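A.B. asks: For reference, the structure I am asking about is given below.
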Amino acid sequence: MALVNPGFVEEVRRSDRFNASACMNCGVCSAVCPMGIELLPRKLFRYVLLGVKDRVLEHGEAIYSCLLCKLCEVNCPAQVQIAENVRSLRYYMNKKVFKI
Amino acid sequence: MPLPIGDTVGILADNLRIRKSVLPVSAKSAVAWARGLGLARGGETILYTGRMYQLMPYIEALNKVQEKIEDSWIAEYVKFGRVINRLINISALMALPSKSMRESCVKILVNIARLLGRAGVNFGYLYEEDLYSGALIYDLGVDDILEAHARRVMDVFKKYRVKKVITVDPHTTHMLRSVCPNLIKGYDLRVKSYLEVLAERELRPQKELRLETAIHDSCLYARHENVLREQRILLEKAGIDVREPAESGKFTFCCGGPAESLFPRKAKEYAKKRVDQIKKVSFRAVTMCPICLVNLQKAAGGEIQLEDISSYLVQAYCGG
(Lines give C-alpha, C1' and ligand atoms only; values in the text may rest on other atoms or scores of the structure.)
Protein backbone atom coordinates (compact mmCIF):
# COMPACT_ATOMS: atom_id res chain seq x y z
CA MET A 1 0.00 0.00 0.00
CA ALA A 2 1.35 3.42 -0.92
CA LEU A 3 1.00 6.44 1.32
CA VAL A 4 -0.26 9.54 -0.43
CA ASN A 5 0.95 13.00 0.48
CA PRO A 6 -1.04 15.74 -1.31
CA GLY A 7 1.58 18.34 -0.38
CA PHE A 8 4.37 16.47 -2.12
CA VAL A 9 3.91 18.14 -5.49
CA GLU A 10 4.35 21.53 -3.82
CA GLU A 11 7.63 20.34 -2.31
CA VAL A 12 8.88 19.35 -5.77
CA ARG A 13 7.48 22.37 -7.62
CA ARG A 14 9.96 25.22 -7.51
CA SER A 15 8.35 27.47 -10.09
CA ASP A 16 5.68 27.64 -12.76
CA ARG A 17 8.08 25.79 -15.00
CA PHE A 18 7.11 22.53 -13.26
CA ASN A 19 4.15 21.70 -15.46
CA ALA A 20 3.77 17.94 -15.12
CA SER A 21 0.02 18.38 -14.71
CA ALA A 22 -0.21 19.28 -18.41
CA CYS A 23 0.64 15.64 -19.22
CA MET A 24 -2.30 13.81 -20.79
CA ASN A 25 -0.64 10.42 -20.51
CA CYS A 26 -0.52 9.77 -24.25
CA GLY A 27 2.74 7.80 -23.99
CA VAL A 28 4.68 9.49 -26.80
CA CYS A 29 7.52 10.30 -24.39
CA SER A 30 7.95 6.69 -23.32
CA ALA A 31 7.77 5.52 -26.92
CA VAL A 32 10.58 7.80 -28.11
CA CYS A 33 12.83 7.71 -25.01
CA PRO A 34 16.25 6.62 -26.23
CA MET A 35 17.11 5.29 -22.78
CA GLY A 36 14.02 3.10 -22.91
CA ILE A 37 13.04 4.30 -19.45
CA GLU A 38 9.47 3.11 -19.38
CA LEU A 39 8.82 4.87 -16.10
CA LEU A 40 10.01 8.26 -17.25
CA PRO A 41 8.56 10.72 -17.46
CA ARG A 42 4.82 10.19 -17.38
CA LYS A 43 4.50 7.55 -14.66
CA LEU A 44 6.98 9.30 -12.45
CA PHE A 45 5.24 12.63 -12.91
CA ARG A 46 1.95 10.94 -12.06
CA TYR A 47 3.47 9.68 -8.80
CA VAL A 48 4.53 13.23 -8.00
CA LEU A 49 1.10 14.65 -8.79
CA LEU A 50 -0.61 11.97 -6.72
CA GLY A 51 1.82 12.52 -3.88
CA VAL A 52 3.14 8.95 -3.80
CA LYS A 53 6.46 10.09 -2.45
CA ASP A 54 7.88 6.63 -1.66
CA ARG A 55 7.44 5.50 -5.27
CA VAL A 56 9.30 8.57 -6.47
CA LEU A 57 12.14 8.08 -4.02
CA GLU A 58 12.65 4.45 -4.95
CA HIS A 59 13.24 5.43 -8.58
CA GLY A 60 16.36 7.53 -8.12
CA GLU A 61 18.20 5.67 -10.87
CA ALA A 62 15.50 6.50 -13.43
CA ILE A 63 15.46 10.14 -12.35
CA TYR A 64 19.21 10.50 -12.83
CA SER A 65 19.42 8.29 -15.94
CA CYS A 66 17.44 10.74 -18.05
CA LEU A 67 19.81 12.37 -20.55
CA LEU A 68 17.78 15.62 -20.67
CA CYS A 69 18.10 15.19 -24.44
CA LYS A 70 14.55 16.54 -24.93
CA LEU A 71 13.64 14.06 -27.66
CA CYS A 72 10.46 13.39 -25.66
CA GLU A 73 9.84 17.09 -25.19
CA VAL A 74 9.94 18.02 -28.88
CA ASN A 75 7.46 15.20 -29.53
CA CYS A 76 5.15 16.01 -26.60
CA PRO A 77 1.71 17.16 -27.83
CA ALA A 78 0.98 18.82 -24.48
CA GLN A 79 4.18 20.90 -24.34
CA VAL A 80 5.20 19.44 -21.01
CA GLN A 81 8.62 20.82 -20.05
CA ILE A 82 9.89 17.36 -19.36
CA ALA A 83 13.59 18.12 -18.97
CA GLU A 84 12.95 20.95 -16.53
CA ASN A 85 10.52 18.77 -14.59
CA VAL A 86 13.14 16.02 -14.33
CA ARG A 87 15.64 18.62 -13.11
CA SER A 88 13.14 19.67 -10.43
CA LEU A 89 12.97 16.06 -9.26
CA ARG A 90 16.77 15.93 -9.12
CA TYR A 91 16.85 19.16 -7.15
CA TYR A 92 14.39 17.66 -4.68
CA MET A 93 16.41 14.43 -4.37
CA ASN A 94 19.68 16.34 -3.97
CA LYS A 95 18.23 18.48 -1.21
CA LYS A 96 16.00 16.11 0.70
CA VAL A 97 17.56 12.71 0.16
CA PHE A 98 21.26 13.31 -0.48
CA LYS A 99 21.53 16.50 1.60
CA ILE A 100 23.65 18.25 -1.02
CA MET B 1 26.67 -2.19 -6.88
CA PRO B 2 26.11 0.84 -9.16
CA LEU B 3 27.89 4.11 -8.43
CA PRO B 4 26.15 5.78 -5.49
CA ILE B 5 24.20 8.68 -6.99
CA GLY B 6 24.22 11.05 -4.02
CA ASP B 7 27.92 10.71 -3.26
CA THR B 8 28.97 10.98 -6.92
CA VAL B 9 26.82 14.07 -7.47
CA GLY B 10 28.14 15.39 -4.15
CA ILE B 11 31.79 15.02 -5.21
CA LEU B 12 31.15 16.88 -8.49
CA ALA B 13 29.18 19.62 -6.73
CA ASP B 14 31.82 19.96 -3.99
CA ASN B 15 34.47 20.35 -6.68
CA LEU B 16 32.54 23.15 -8.36
CA ARG B 17 31.96 24.92 -5.06
CA ILE B 18 35.49 24.55 -3.73
CA ARG B 19 37.61 24.34 -6.90
CA LYS B 20 35.42 26.14 -9.48
CA SER B 21 35.26 23.09 -11.74
CA VAL B 22 33.59 19.66 -11.61
CA LEU B 23 36.95 18.09 -12.26
CA PRO B 24 40.07 19.94 -11.37
CA VAL B 25 41.86 21.25 -14.43
CA SER B 26 44.74 23.49 -13.45
CA ALA B 27 44.64 27.02 -14.85
CA LYS B 28 47.99 26.35 -16.53
CA SER B 29 46.60 23.33 -18.33
CA ALA B 30 43.31 25.07 -19.23
CA VAL B 31 45.02 28.00 -20.95
CA ALA B 32 47.84 26.00 -22.59
CA TRP B 33 46.01 25.94 -25.93
CA ALA B 34 46.26 29.75 -26.25
CA ARG B 35 50.04 29.85 -25.81
CA GLY B 36 51.69 31.70 -28.66
CA LEU B 37 48.43 32.84 -30.27
CA GLY B 38 48.80 36.39 -28.97
CA LEU B 39 45.15 36.72 -27.93
CA ALA B 40 44.30 39.89 -26.03
CA ARG B 41 43.17 39.52 -22.42
CA GLY B 42 39.47 40.35 -22.14
CA GLY B 43 37.72 42.81 -24.42
CA GLU B 44 34.20 43.55 -25.58
CA THR B 45 34.07 40.29 -27.55
CA ILE B 46 35.65 37.19 -26.08
CA LEU B 47 36.11 33.58 -27.02
CA TYR B 48 34.81 31.68 -24.00
CA THR B 49 35.80 28.02 -23.85
CA GLY B 50 34.06 27.28 -20.55
CA ARG B 51 36.90 24.74 -20.19
CA MET B 52 34.75 22.04 -21.78
CA TYR B 53 37.30 20.81 -24.31
CA GLN B 54 40.05 21.11 -21.69
CA LEU B 55 37.99 18.97 -19.30
CA MET B 56 37.42 16.12 -21.73
CA PRO B 57 40.75 14.32 -21.20
CA TYR B 58 40.07 14.39 -17.45
CA ILE B 59 36.48 13.20 -17.86
CA GLU B 60 37.64 10.38 -20.11
CA ALA B 61 40.28 9.34 -17.58
CA LEU B 62 37.86 9.49 -14.68
CA ASN B 63 35.27 7.47 -16.59
CA LYS B 64 37.77 4.67 -17.07
CA VAL B 65 38.15 4.53 -13.29
CA GLN B 66 34.38 4.79 -12.77
CA GLU B 67 33.77 1.89 -15.18
CA LYS B 68 35.98 -0.26 -12.98
CA ILE B 69 34.29 0.91 -9.79
CA GLU B 70 30.74 0.54 -11.13
CA ASP B 71 29.27 -2.81 -10.06
CA SER B 72 32.28 -3.61 -7.89
CA TRP B 73 32.60 -3.68 -4.10
CA ILE B 74 34.61 -0.44 -4.24
CA ALA B 75 31.42 1.51 -5.08
CA GLU B 76 30.46 1.08 -1.42
CA TYR B 77 33.41 3.29 -0.43
CA VAL B 78 32.64 6.29 -2.69
CA LYS B 79 30.94 7.93 0.31
CA PHE B 80 34.28 8.09 2.11
CA GLY B 81 35.82 9.46 -1.08
CA ARG B 82 33.42 12.39 -0.91
CA VAL B 83 34.46 13.28 2.62
CA ILE B 84 38.18 13.06 1.79
CA ASN B 85 37.73 14.92 -1.51
CA ARG B 86 36.55 18.00 0.37
CA LEU B 87 39.95 18.20 2.02
CA ILE B 88 42.29 16.64 -0.52
CA ASN B 89 41.69 16.84 -4.22
CA ILE B 90 41.39 13.08 -4.85
CA SER B 91 39.46 13.45 -8.10
CA ALA B 92 42.62 15.01 -9.54
CA LEU B 93 44.60 11.94 -8.54
CA MET B 94 42.03 9.58 -10.05
CA ALA B 95 41.71 11.41 -13.38
CA LEU B 96 45.12 11.28 -15.02
CA PRO B 97 44.53 12.19 -18.65
CA SER B 98 46.38 10.82 -21.65
CA LYS B 99 48.81 13.09 -23.46
CA SER B 100 47.29 12.34 -26.88
CA MET B 101 43.82 13.28 -25.68
CA ARG B 102 45.12 16.52 -24.18
CA GLU B 103 46.87 17.37 -27.42
CA SER B 104 43.82 16.73 -29.57
CA CYS B 105 41.66 18.96 -27.35
CA VAL B 106 44.26 21.73 -27.54
CA LYS B 107 44.26 21.40 -31.33
CA ILE B 108 40.47 21.78 -31.53
CA LEU B 109 40.58 25.09 -29.62
CA VAL B 110 43.47 26.35 -31.74
CA ASN B 111 41.48 25.43 -34.86
CA ILE B 112 38.49 27.41 -33.62
CA ALA B 113 40.63 30.48 -32.85
CA ARG B 114 42.22 30.26 -36.31
CA LEU B 115 38.83 30.00 -38.00
CA LEU B 116 37.53 33.07 -36.16
CA GLY B 117 40.69 34.95 -37.08
CA ARG B 118 40.23 33.96 -40.70
CA ALA B 119 36.65 35.28 -40.54
CA GLY B 120 38.01 38.63 -39.37
CA VAL B 121 36.55 38.41 -35.88
CA ASN B 122 38.37 40.50 -33.30
CA PHE B 123 38.21 38.69 -29.98
CA GLY B 124 39.98 38.36 -26.66
CA TYR B 125 40.29 35.52 -24.15
CA LEU B 126 40.01 35.45 -20.38
CA TYR B 127 42.94 33.05 -19.85
CA GLU B 128 42.89 31.63 -16.29
CA GLU B 129 39.64 33.52 -15.62
CA ASP B 130 37.86 31.60 -18.38
CA LEU B 131 35.92 29.48 -15.87
CA TYR B 132 33.88 26.33 -16.29
CA SER B 133 30.24 27.20 -17.02
CA GLY B 134 28.72 24.75 -14.51
CA ALA B 135 26.92 22.73 -17.22
CA LEU B 136 27.11 19.32 -15.53
CA ILE B 137 25.95 20.66 -12.19
CA TYR B 138 22.98 22.27 -13.95
CA ASP B 139 22.09 18.91 -15.51
CA LEU B 140 22.37 17.19 -12.14
CA GLY B 141 20.01 19.73 -10.58
CA VAL B 142 22.33 21.13 -7.89
CA ASP B 143 20.95 24.59 -8.51
CA ASP B 144 22.10 26.39 -5.37
CA ILE B 145 25.76 25.66 -6.06
CA LEU B 146 25.21 26.39 -9.74
CA GLU B 147 23.74 29.83 -9.01
CA ALA B 148 26.67 30.82 -6.82
CA HIS B 149 29.08 29.67 -9.52
CA ALA B 150 27.15 31.47 -12.28
CA ARG B 151 27.58 34.71 -10.34
CA ARG B 152 31.35 34.10 -10.20
CA VAL B 153 31.40 33.65 -13.98
CA MET B 154 29.36 36.80 -14.47
CA ASP B 155 31.63 38.81 -12.18
CA VAL B 156 34.55 38.00 -14.46
CA PHE B 157 32.59 39.13 -17.52
CA LYS B 158 31.70 42.36 -15.72
CA LYS B 159 35.30 42.92 -14.68
CA TYR B 160 36.41 42.83 -18.32
CA ARG B 161 33.29 44.66 -19.61
CA VAL B 162 32.46 41.80 -21.92
CA LYS B 163 29.41 42.33 -24.13
CA LYS B 164 29.61 39.55 -26.68
CA VAL B 165 30.61 35.97 -26.01
CA ILE B 166 31.61 33.43 -28.63
CA THR B 167 31.27 29.89 -27.35
CA VAL B 168 32.91 26.72 -28.63
CA ASP B 169 30.58 23.94 -27.52
CA PRO B 170 26.82 23.38 -27.12
CA HIS B 171 26.82 22.93 -23.33
CA THR B 172 28.48 26.27 -22.69
CA THR B 173 26.32 27.93 -25.34
CA HIS B 174 23.20 26.63 -23.62
CA MET B 175 24.37 27.68 -20.18
CA LEU B 176 25.22 31.23 -21.20
CA ARG B 177 22.39 31.79 -23.64
CA SER B 178 19.44 30.02 -22.02
CA VAL B 179 20.21 29.13 -18.40
CA CYS B 180 22.17 32.08 -16.98
CA PRO B 181 19.62 34.74 -18.04
CA ASN B 182 17.18 33.02 -15.64
CA LEU B 183 19.71 32.99 -12.82
CA ILE B 184 21.29 36.43 -13.03
CA LYS B 185 19.36 39.68 -12.84
CA GLY B 186 20.16 42.20 -15.55
CA TYR B 187 21.97 39.62 -17.70
CA ASP B 188 22.62 41.25 -21.05
CA LEU B 189 25.38 39.26 -22.75
CA ARG B 190 25.01 38.40 -26.41
CA VAL B 191 26.04 34.80 -26.90
CA LYS B 192 26.76 32.97 -30.13
CA SER B 193 28.40 29.71 -30.99
CA TYR B 194 31.49 30.04 -33.20
CA LEU B 195 29.60 28.03 -35.83
CA GLU B 196 26.92 30.72 -35.96
CA VAL B 197 29.58 33.44 -36.16
CA LEU B 198 31.41 31.69 -39.01
CA ALA B 199 28.20 31.02 -40.95
CA GLU B 200 26.99 34.61 -40.72
CA ARG B 201 30.37 35.92 -41.88
CA GLU B 202 29.95 33.92 -45.10
CA LEU B 203 33.47 32.64 -44.95
CA ARG B 204 34.87 31.34 -48.25
CA PRO B 205 36.86 28.11 -48.32
CA GLN B 206 40.49 28.13 -49.45
CA LYS B 207 40.45 24.46 -50.26
CA GLU B 208 37.68 22.13 -51.33
CA LEU B 209 37.61 18.91 -49.32
CA ARG B 210 36.20 16.20 -51.50
CA LEU B 211 35.01 13.76 -48.94
CA GLU B 212 31.84 12.52 -47.35
CA THR B 213 31.01 12.37 -43.68
CA ALA B 214 28.03 11.69 -41.47
CA ILE B 215 26.96 14.48 -39.16
CA HIS B 216 26.06 13.84 -35.53
CA ASP B 217 24.08 16.77 -34.13
CA SER B 218 24.33 17.70 -30.49
CA CYS B 219 20.98 17.52 -28.64
CA LEU B 220 21.61 20.93 -27.13
CA TYR B 221 22.36 22.64 -30.43
CA ALA B 222 19.51 20.86 -32.19
CA ARG B 223 16.70 21.03 -29.67
CA HIS B 224 17.62 23.77 -27.22
CA GLU B 225 19.62 26.32 -29.21
CA ASN B 226 18.40 25.86 -32.78
CA VAL B 227 21.89 25.56 -34.23
CA LEU B 228 21.24 23.20 -37.12
CA ARG B 229 21.71 25.04 -40.37
CA GLU B 230 25.11 26.61 -39.68
CA GLN B 231 27.19 23.46 -39.42
CA ARG B 232 25.65 22.08 -42.61
CA ILE B 233 26.26 25.29 -44.55
CA LEU B 234 29.89 25.39 -43.45
CA LEU B 235 30.55 21.74 -44.27
CA GLU B 236 28.77 21.82 -47.63
CA LYS B 237 30.56 25.01 -48.70
CA ALA B 238 33.80 23.23 -47.85
CA GLY B 239 32.95 20.60 -50.46
CA ILE B 240 31.89 17.94 -47.98
CA ASP B 241 29.07 15.56 -48.81
CA VAL B 242 27.12 15.58 -45.55
CA ARG B 243 25.35 12.33 -44.81
CA GLU B 244 22.42 12.32 -42.40
CA PRO B 245 22.12 9.25 -40.18
CA ALA B 246 18.74 7.98 -39.04
CA GLU B 247 17.40 10.40 -36.42
CA SER B 248 19.31 13.53 -37.24
CA GLY B 249 18.75 17.28 -37.13
CA LYS B 250 16.08 18.34 -34.65
CA PHE B 251 15.36 14.69 -33.86
CA THR B 252 18.97 13.72 -33.34
CA PHE B 253 19.74 10.67 -31.22
CA CYS B 254 21.71 11.53 -28.08
CA CYS B 255 25.28 10.19 -27.76
CA GLY B 256 24.58 9.01 -24.21
CA GLY B 257 27.30 11.22 -22.80
CA PRO B 258 25.15 12.96 -20.18
CA ALA B 259 24.76 9.60 -18.39
CA GLU B 260 28.52 9.10 -18.20
CA SER B 261 29.17 10.62 -14.79
CA LEU B 262 26.72 8.33 -12.98
CA PHE B 263 26.08 5.37 -15.30
CA PRO B 264 29.16 4.79 -17.49
CA ARG B 265 27.97 1.37 -18.70
CA LYS B 266 24.61 2.74 -19.84
CA ALA B 267 26.31 5.66 -21.56
CA LYS B 268 28.48 3.30 -23.57
CA GLU B 269 25.60 1.00 -24.56
CA TYR B 270 23.72 4.00 -25.71
CA ALA B 271 26.60 5.45 -27.70
CA LYS B 272 26.97 2.09 -29.45
CA LYS B 273 23.43 2.41 -30.76
CA ARG B 274 24.33 5.79 -32.24
CA VAL B 275 27.56 4.48 -33.73
CA ASP B 276 25.54 1.74 -35.47
CA GLN B 277 23.25 4.36 -36.99
CA ILE B 278 26.23 6.40 -38.19
CA LYS B 279 28.02 3.37 -39.67
CA LYS B 280 25.09 2.80 -42.01
CA VAL B 281 25.71 6.10 -43.80
CA SER B 282 29.46 6.71 -43.55
CA PHE B 283 32.68 5.47 -42.00
CA ARG B 284 33.40 9.07 -40.99
CA ALA B 285 31.44 11.35 -38.68
CA VAL B 286 31.75 14.88 -37.39
CA THR B 287 30.66 16.02 -33.96
CA MET B 288 30.45 19.54 -32.55
CA CYS B 289 30.45 18.75 -28.84
CA PRO B 290 33.37 17.40 -26.80
CA ILE B 291 31.11 15.06 -24.85
CA CYS B 292 29.64 13.55 -28.03
CA LEU B 293 33.15 13.17 -29.47
CA VAL B 294 34.59 11.33 -26.48
CA ASN B 295 31.57 9.15 -25.81
CA LEU B 296 31.12 8.09 -29.44
CA GLN B 297 34.87 7.53 -29.88
CA LYS B 298 34.89 5.22 -26.89
CA ALA B 299 31.94 3.22 -28.21
CA ALA B 300 33.18 3.15 -31.81
CA GLY B 301 36.50 1.57 -30.92
CA GLY B 302 37.92 2.55 -34.30
CA GLU B 303 34.94 1.30 -36.34
CA ILE B 304 34.28 4.81 -37.58
CA GLN B 305 36.56 7.82 -37.87
CA LEU B 306 35.23 10.56 -35.60
CA GLU B 307 36.45 14.14 -35.80
CA ASP B 308 35.43 17.41 -34.25
CA ILE B 309 33.88 19.60 -36.95
CA SER B 310 36.63 22.20 -36.48
CA SER B 311 39.23 19.74 -37.85
CA TYR B 312 37.56 19.73 -41.27
CA LEU B 313 36.63 23.41 -41.20
CA VAL B 314 40.21 24.49 -40.51
CA GLN B 315 41.47 22.39 -43.43
CA ALA B 316 38.94 23.93 -45.79
CA TYR B 317 38.78 27.54 -44.62
CA CYS B 318 42.33 28.07 -43.36
CA GLY B 319 44.02 25.81 -45.91
CA GLY B 320 45.19 23.20 -43.36
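The values are calculated or read from the model by the stated rules, or taken from the named source; none is laboratory data. Model, not experiment: these values are computed from the prediction. Counting neighbours? That spans all protein chains shown, and the Cβs are built from the backbone with ideal geometry, glycine included. Ligands, DNA and RNA are excluded from the accessible area calculation, which covers all protein heavy atoms including side chains. Shrake-Rupley method; radii C 1.70, N 1.55, O 1.52, S 1.80 Å.
A.B. asks: What's the number of the condition B:Ala259 fails, among (1) closer than 30 Å to B:Pro4 by Cα; (2) in contact (Cβ under 8 Å) with a residue 24 or more places away in the chain; (3) of a type outside the set (Phe, Trp, Tyr); (4) buried (at least 23 other Cβ atoms within 10 Å of the Cβ)?
C.D. replies: (2)
A.B. asks: Being closer than 30 Å to B:Val153 by Cα, touching a residue at least 24 places away in the same chain (Cβ under 8 Å) and assigned to a strand (DSSP E or B), is that true of even one residue in the range B:233-253?
C.D. replies: no
A.B. asks: For the range B:9-36, enumerate the residues that are farther than 18 Å from B:Pro290 by Cα and open to solvent by 10 Å² or more (accessible area, probe 1.4 Å).
C.D. replies: Once the filter is applied, which keeps residues that are farther than 18 Å from B:Pro290 by Cα and open to solvent by 10 Å² or more (accessible area, probe 1.4 Å), the range B:9-36 yields B:Ile11, B:Leu12, B:Arg17, B:Ile18, B:Arg19, B:Lys20, B:Ser26, B:Ala27, B:Lys28, B:Arg35, B:Gly36.
A.B. asks: Same structure, new question: Testing A:Arg14 on (1) within 11 Å of chain B (Cβ to nearest Cβ); (2) surrounded by fewer than 17 Cβ atoms within 10 Å (Cβ to Cβ); (3) in a helix (DSSP H, G or I), one condition comes back false. Which one is that?
C.D. replies: The single condition A:Arg14 does not satisfy is (3).
A.B. asks: Looking at the range B:304-320, which of the residues that are modelled with pLDDT of 95 or more and assigned to a loop (DSSP other than H, G, I, E, B) is nearest to B:Tyr58 (Cα to Cα)? Show your work before the answer.
C.D. replies: Taking the range B:304-320 first, the residues modelled with pLDDT of 95 or more are B:304-318.
Next cut, assigned to a loop (DSSP other than H, G, I, E, B) only: B:304, B:318.
Working: B:Ile304: 23, B:Cys318: 29 Å.
Selected residue: B:Ile304.
A.B. asks: Please give the number of the condition B:Asn182 fails out of (1) under 26 Å from B:Val106 (Cα atoms); (2) out of contact with any helix residue (DSSP H, G or I) (no Cβ under 6 Å at 6 or more places or on another chain); (3) not hydrophobic (A, V, I, L, M, F, W, C).
C.D. replies: Of the numbered conditions (1) under 26 Å from B:Val106 (Cα atoms); (2) out of contact with any helix residue (DSSP H, G or I) (no Cβ under 6 Å at 6 or more places or on another chain); (3) not hydrophobic (A, V, I, L, M, F, W, C), the odd one out for B:Asn182 is (1).
A.B. asks: Of all residues in the range A:65-81 being over 18 Å from B:Asn226 (Cβ atoms) and assigned to a loop (DSSP other than H, G, I, E, B), which is farthest from the other protein chains (Cβ to nearest Cβ)?
C.D. replies: Among residues in the range A:65-81 that are over 18 Å from B:Asn226 (Cβ atoms) and assigned to a loop (DSSP other than H, G, I, E, B), the one farthest from the other protein chains (Cβ to nearest Cβ) is A:Ala78.
A.B. asks: Give me a count of the residues in the range A:17-29 that are within 13 Å of chain B (Cβ to nearest Cβ), surrounded by 14 or more Cβ atoms within 10 Å (Cβ to Cβ) and either part of a helix (DSSP H, G or I) or of a type in the set (Lys, Arg) (or both).
C.D. replies: Residues flagged as within 13 Å of chain B (Cβ to nearest Cβ), surrounded by 14 or more Cβ atoms within 10 Å (Cβ to Cβ) and either part of a helix (DSSP H, G or I) or of a type in the set (Lys, Arg) (or both) within the range A:17-29 amount to 1.
A.B. asks: Still on this structure, I have one more. Pick from A:Val56, A:Val48, A:Val32: which is away from chain B (no Cβ under 11 Å), over 24 Å from B:Glu70 (Cα atoms), aliphatic (A, V, I, L, M) and surrounded by 14 or more Cβ atoms within 10 Å (Cβ to Cβ)?
C.D. replies: On the way: A:Val56 fails: over 24 Å from B:Glu70 (Cα atoms); A:Val32 fails: away from chain B (no Cβ under 11 Å).
Of the residues listed, the single one that is away from chain B (no Cβ under 11 Å), over 24 Å from B:Glu70 (Cα atoms), aliphatic (A, V, I, L, M) and surrounded by 14 or more Cβ atoms within 10 Å (Cβ to Cβ) is A:Val48.
A.B. asks: Is it the case that some residue within the range B:271-281 is aliphatic (A, V, I, L, M), without any contact (Cβ under 8 Å) to a residue 24 or more places away in the chain, surrounded by fewer than 24 Cβ atoms within 10 Å (Cβ to Cβ) and outside the structural domain of B:Tyr53 (by TED's automatic domain parsing)? It would help to see each step written out before you state the result.
C.D. replies: Of all residues in the range B:271-281, those aliphatic (A, V, I, L, M) come to B:271, B:275, B:278, B:281.
Applying the additional criterion that residues be without any contact (Cβ under 8 Å) to a residue 24 or more places away in the chain yields none.
No, the range B:271-281 has no match at all.
A.B. asks: Which condition breaks for B:Ala148 when tested against (1) surrounded by fewer than 20 Cβ atoms within 10 Å (Cβ to Cβ); (2) at pLDDT 95 or above; (3) of a type in the set (A, V, I, L, M); (4) touching a helix residue (DSSP H, G or I) at 6+ places or on another chain (Cβ under 6 Å)?
C.D. replies: (4)
A.B. asks: Name the residues in the range B:138-167 that are touching a Phe, Trp or Tyr at 6+ places or on another chain (Cβ under 6 Å) and either in the same structural domain as B:Ser261 (by TED's automatic domain parsing) or in contact (Cβ under 8 Å) with a residue 24 or more places away in the chain (or both), would you? Talk me through it step by step, then tell me what you get.
C.D. replies: Kept after step one, since they are touching a Phe, Trp or Tyr at 6+ places or on another chain (Cβ under 6 Å), are these residues of the range B:138-167: B:141, B:143, B:146, B:165-167.
Of everything in the range B:138-167, those that are touching a Phe, Trp or Tyr at 6+ places or on another chain (Cβ under 6 Å) and either in the same structural domain as B:Ser261 (by TED's automatic domain parsing) or in contact (Cβ under 8 Å) with a residue 24 or more places away in the chain (or both) turn out to be B:Leu146, B:Val165, B:Ile166, B:Thr167.
A.B. asks: For residues in the range B:37-87 being in a strand (DSSP E or B) and open to solvent by less than 20 Å² (accessible area, probe 1.4 Å), which is farthest from B:Lys107 (Cα to Cα)? Give the steps one after another, and end with the answer.
C.D. replies: To start, the set of residues in the range B:37-87 that are in a strand (DSSP E or B) comprises B:40-41, B:45-48.
Add one more test, that the residue is open to solvent by less than 20 Å² (accessible area, probe 1.4 Å), and what stays is B:46-48.
Working: B:Ile46: 19, B:Leu47: 15, B:Tyr48: 16 Å.
My answer is B:Ile46.
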